[in-house]
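Asker: Questions regarding the structure given below will be posed in turn.
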Amino acid sequence: MARRALTTTAAAFATTAALLLTACGGSDDLSSDDIKGAGNASSSPSASASSAAPGVKRPEIKLPSSFQLPFENWTSSDPVEQAVLNDGKEQLRAGYEAIIENDPDSKDRAFYDTKNGFLQSQQWIRTYTDKNLTVIGKLPVFDPKVTLAKDKAAASLSYCTDESKASTKNRKTGEVKGNPAGTDPEVLYVISMGKNAHGVWQAVSAHSERGGCAK
């Protein structure tokens with residue numbers, strides 16, 4: 001698997017008004033200077049049958065057929081990298097589940113975030129829920145790359161998304177909007193992750209760059 005360099009400085013969750021489905025939010029004052037693995041996982045009553053960390057019950061993330069989130073080539077021959085990929089995937093799915101269910105306090109999302117990471121996630125989720133918006137369509141997630149720290153307790157996960165077939169929908173009016181004309185539909189994400197005491201990889205912070213995916 002090709003890899004991007006791991007940075008020790010975790011950028012803040014960033015968002016721009018023009019971005020439609022960018023899966024990060026917040027402001028620069030929420031930045032974290034170090035990748036940390038601390039943070040307690042909050043579990044959901046339901047659990048996934050597949051668990052990268054034995055004995056840990058993971059939330060069962062459910063997305064409706066109206067919103068497809070396919071993950072392409074989401075595999076690694078390295079078991080630690082695969083664990084990062086597994087939890088990174090569920091962290092993203094939990095975020096969109098929270099938007100669709102109109103739930104900024106989602107326990108499923110909190111499970112895959114550190115405490116500070118979840119505060120940032122809530123800001124992103126509320127950019128939808130405060131405006132009565134949900135998401136529909138198809139949002140492919142591709143080109144995953146994992147870089148592990150030497151102690152394998154922290155990692156950088158990057159991936160790209162393609163928003164060309166995804167839209168927002170107003171819950172009250174039914175109005176559907178896609179990206180503005182001329183907007184690059186591909187967005188690069190770099191997620192700083194840490195492994196907590198239960199063996200769950202949680203998001204500490206993230207950075208997004210529209211048009212940052214390799215062509």
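Asker: Under a cut-off of 22 Å between alpha-carbon atoms, report the lysines in cross-link reach of Lys169, not counting same-chain residues fewer than 8 places apart.
Answerer: Lys62, Lys131, Lys138, Lys177
Asker: Distance from a point 7 Å along Cα→Cβ of Lys152 to each backbone N in segment 57-96: keep the residues under 18 Å and list them by number.
Answerer: 75-88
Asker: Starting from the Cα of Lys57, draw a straight line to each of the lysines and keep only those under 26 Å, dropping any in the same chain fewer than 8 residues away.
Answerer: Lys36, Lys89, Lys107, Lys115, Lys145, Lys152, Lys195
Asker: Also, quick follow-up: With charges set only on the Cβ (+1 for Lys and Arg, -1 for Asp and Glu), what does the dipole of segment 75-145 come to about its Cα centre, in debye to the nearest 20?
Answerer: 200 debye
Asker: I'd like the distance between the alpha-carbon centres of segment 131-151 and segment 76-102, rounded to an integer number of Å.
Answerer: 8 Å
Asker: Using 0.36 nm per residue of separation minus the Cα-Cα distance, give me the extension gain between Arg171 and Glu60 in nm, one decimal.
Answerer: Extra length from Arg171 to Glu60 when fully extended: 37.5 nm.
Asker: Related question: With a probe of 1.4 Å, find how much accessible area segment 76-129 has per residue, and write the answer as a whole number in Å².
Answerer: Counting only protein heavy atoms, the per-residue value for segment 76-129 is 35 Å².
Asker: A further question on this structure: Calculate, for segment 141-185, the solvent-accessible area per residue in square angstrom, rolling a 1.4 angstrom probe over the heavy atoms of the protein chains.
Answerer: 50 Å²
Asker: With all protein chains present and a 1.4 Å probe, how do Val56, Val176, Val84 order by accessible area, largest first?
Answerer: My answer, sorted largest first, is Val176, Val56, Val84.
Asker: I've got another one for you. How many percent of the accessible area of segment 99-156 is carbon or sulfur, using a 1.4 Å probe?
Answerer: It is 49 percent, rounded to a whole number.
The values are calculated or read from the model by the stated rules, or taken from the named source; none is laboratory data. No experiment lies behind these values; they were computed from the predicted model shown. In this analysis, Cβ positions are derived from the backbone assuming ideal geometry, glycine residues included, and neighbour counts consider all displayed protein chains. Note: accessible area is taken over every heavy atom of the protein model, side chains too, but ligands, DNA and RNA are not part of it. Shrake-Rupley method; radii C 1.70, N 1.55, O 1.52, S 1.80 Å.
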